[in-house]
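Worksheet for the structure shown next.
The values are calculated or read from the model by the stated rules, or taken from the named source; none is laboratory data. If you're wondering where the values come from, they're calculated on a predicted model, not measured in any experiment. Using ideal geometry, Cβ is built from the backbone for each residue, glycine included, and neighbour counts are taken over all protein chains shown. Calculation scope for accessible area: heavy atoms of the full protein, side chains included, ligands and nucleic acids excluded. Shrake-Rupley method; radii C 1.70, N 1.55, O 1.52, S 1.80 Å.
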Amino acid sequence: MASKFNLPQFLPSPPRTELYFPQNPKPFNSPPTTLIPDPKLVINGGSTLSGHVTINGSKNSALPILAATLCCSGSSKLKNVPCLSDTTTMASILESLGARVTSFGGYIVVNTDGIVSVEPDLSDIGKIRGGFFVLGPLLARFGEAIVGLPGGCDIGARPVDLYIHGLRALGATVELRDGKVQAHVSNGKGLTGARFRLGYPSVGATETLMMAACMAEGKTVISNAAQEPEIIDLASFLTNCGAVVEGAGTDTLYITGRRKLYGSEYSIMPDRIEVGTYMLAAAITRSCISISPVPHSNLTCLVDKLSGAGCKILQLSDDTLELSAVPRTIGDDLQGFNIKTNPFPGFPTDLQPLTMALLSTCKGVSVIEESVFENRMSHVTELQKFGAKFQVCGSRATVFGTGNASPLCGSQVNATDLRGGMSLVLAGLAAEGITEIRGISHVDRGYESLEMKLQGLGANVIRTTTTFPPGEVWKG
């Protein structure tokens, strides 16, 4: 799509680097786990886990970086993109705009030279929160964007006002009409750098506005920005493409606009939430496993909590971690602890439901405060079906842990969101008997090859459409 306006003056763009691509690329298709109609996960719990698990690329990095390819001319070659239903949906969103998305040899290649629309498919945008990221790149590169309001897990309000205020500060006219955000550059030329402060350090708003500012004329300063590691990953990709971004990982971003960015080759960071998930899986099953690659500095908060609970955590190499919660190794059962979720470097909200499952099996009373999303307690009702004991008041939950005295019991439960669904998987691994988890497609949004990885660690888990009556014995 040709630009409708005369581009303003920017820093000179760097020379383009040509990328080599093999012949016969393939479309980026949905992961195999979605091929079973209405699948459920069935777990015969109580097994001890052992062995090693390899972590995939970060979903929360891959989605904004896929959107950021829209800022770039030519092709972007991305490695370590996780094969998830969410990344597949994002690929469909890019294709609905006219981009070509293919895969080969572990890479995803996005070519944006054929963009023909600034309005992505509404049905795909409604499936995932990350689809809304395309708003900033489309507006910055093409001067216009029409994007439906985002979907994703129902865990609380995630308003778009921060996005709108930031884009207006960059010189865009933005309206919310008919369930869509409709934006265009006000001066008919392009976005203009500005200085503004986010009312809350929203990760999505920071990422969207960073992408937009990379192609705005002049300098932009964003204060009270999110500091998550995924922000650093996105900034690194944009820098590879020729952008000038400083301060990523701090609360202030300094961005100087470029007239043009070019596609580049980039590897997505490991998924710190998946790392935390398998750490918690080892803890709740009182097992010992190793995990790699592990971004250690991104998990300090969780490591400190689990170490304080009694887990033995060792760094085996630069990128490999071992966690043991085996009673004979740690000398006692795990002790409960308190958490309060906060933006990075605080305790990650995405690990709150999973930590709640663990705490229900620890000794003593624990308190969980959810300060990021006001509706992230829906998993409590399902965890109670395992016999876990909670008292919830608003966004605060008291967990009455029983330790080994009263283990969880398998149950039939329903996953209603991604991380809440994964908390049910962890509870099922620790519970005695059969657990059947419906709605597992929610969990597929964030975990690649889940049952295969768990099977590799020794868990008795299958994906099936078969219903196992209560009390029936199944041996995986």
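Hey, among the residues in segment 214-242 that are surrounded by fewer than 24 Cβ atoms within 10 Å (Cβ to Cβ) and among the β-branched types (V, I, T), which one's nearest to D350 (Cα to Cα)?
Residue satisfying both the conditions and the ranking: I232.
Working carefully through the options S360, S378, find the one that is open to solvent by 10 Å² or more (accessible area, probe 1.4 Å) and either in contact (Cβ under 8 Å) with a residue 60 or more places away in the chain or among the hydroxyl-bearing types (S, T, Y) (or both).
Going through S360, S378 in turn, the sole match is S378.
Can you name the condition, by its number, that S297 falls short on among (1) assigned to a helix (DSSP H, G or I); (2) open to solvent by less than 10 Å² (accessible area, probe 1.4 Å)?
Only one criterion is unmet by S297, namely (2).
Does any residue in segment 415-431 that is in contact (Cβ under 8 Å) with a residue 12 or more places away in the chain come within less than 7 Å, Cβ to Cβ, of a residue that is buried (at least 24 other Cβ atoms within 10 Å of the Cβ) and hydroxyl-bearing (S, T, Y) six or more places away or on a different chain, and which pairs are these?
Listed by first residue and then by second, the contacts come to M422/T277; M422/Y447; G428/T435; L429/T285; A430/T285; A430/T361.
Are any of the residues in segment 281-293 surrounded by fewer than 21 Cβ atoms within 10 Å (Cβ to Cβ) and either within 30 Å of G204 (Cα to Cα) or over 26 Å from the mean Cα position of the chain (by Cα) (or both)?
Yes, segment 281-293 has at least one match.
Given (1) more than 25 Å from A309 (Cβ to Cβ); (2) under 25 Å from the mean Cα position of the chain (by Cα), where does R419 come up short, assuming only one miss?
With respect to (1) more than 25 Å from A309 (Cβ to Cβ); (2) under 25 Å from the mean Cα position of the chain (by Cα), R419 is out only on (1).
Name every residue in segment 251-266 that is in a strand (DSSP E or B) and open to solvent by 60 Å² or more (accessible area, probe 1.4 Å), in order of residue number.
Within segment 251-266, Y254, E265 meet the criteria.
Looking at (1) at pLDDT below 95; (2) in a loop (DSSP other than H, G, I, E, B), can you tell me which one T361 breaks?
Of (1) at pLDDT below 95; (2) in a loop (DSSP other than H, G, I, E, B), only one is false for T361: (1).
Somewhere in segment 385-407, is a residue open to solvent by less than 20 Å² (accessible area, probe 1.4 Å), closer than 30 Å to T88 by Cα and out of contact with any Leu (no Cβ under 7 Å at 6 or more places or on another chain)?
no
Of the residues that sit in segment 71-118 and are among the acidic types (D, E) and either touching a residue at least 40 places away in the same chain (Cβ under 8 Å) or within 25 Å of E274 (Cα to Cα) (or both), which one is most open to solvent (accessible area, probe 1.4 Å)?
D113
Just the residues that are closer than 20 Å to A216 by Cβ and either open to solvent by less than 10 Å² (accessible area, probe 1.4 Å) or not in a helix (DSSP H, G or I) (or both), please, taken from segment 124-136.
F132, V134, L135, G136
Among the residues of segment 430-459, how many are open to solvent by 10 Å² or more (accessible area, probe 1.4 Å), acidic (D, E) and either under 16 Å from H379 (Cα atoms) or in contact with a strand residue (DSSP E or B) (Cβ under 8 Å, 6 or more places away or on another chain) (or both)?
Residues in segment 430-459 being open to solvent by 10 Å² or more (accessible area, probe 1.4 Å), acidic (D, E) and either under 16 Å from H379 (Cα atoms) or in contact with a strand residue (DSSP E or B) (Cβ under 8 Å, 6 or more places away or on another chain) (or both): 2 in total.
Among the residues of segment 137-162 satisfying the criterion of being at pLDDT 95 or above and in a helix (DSSP H, G or I), which is farthest from S96 (Cα to Cα)?
A140
Looking for something within 22 Å of G420 (Cβ to Cβ), in a helix (DSSP H, G or I) and open to solvent by 20 Å² or more (accessible area, probe 1.4 Å) - is there at least one such residue anywhere in segment 300-318?
Among the residues of segment 300-318, at least one is within 22 Å of G420 (Cβ to Cβ), in a helix (DSSP H, G or I) and open to solvent by 20 Å² or more (accessible area, probe 1.4 Å), which makes the answer yes.
Could you list, ordered by first residue, the pairs with Cβ atoms under 8 Å in which the first is in segment 292-316 and more than 22 Å from L457 (Cα to Cα) and the second is assigned to a strand (DSSP E or B) and of a type outside the set (A, V, I, L, M), at least 6 apart or interchain?
C301/F347; K305/F347; G308/Q335; A309/Q335
Can you find a residue that is over 30 Å from D251 (Cα atoms), in a strand (DSSP E or B) and among the aliphatic types (A, V, I, L, M) anywhere in segment 334-351?
no
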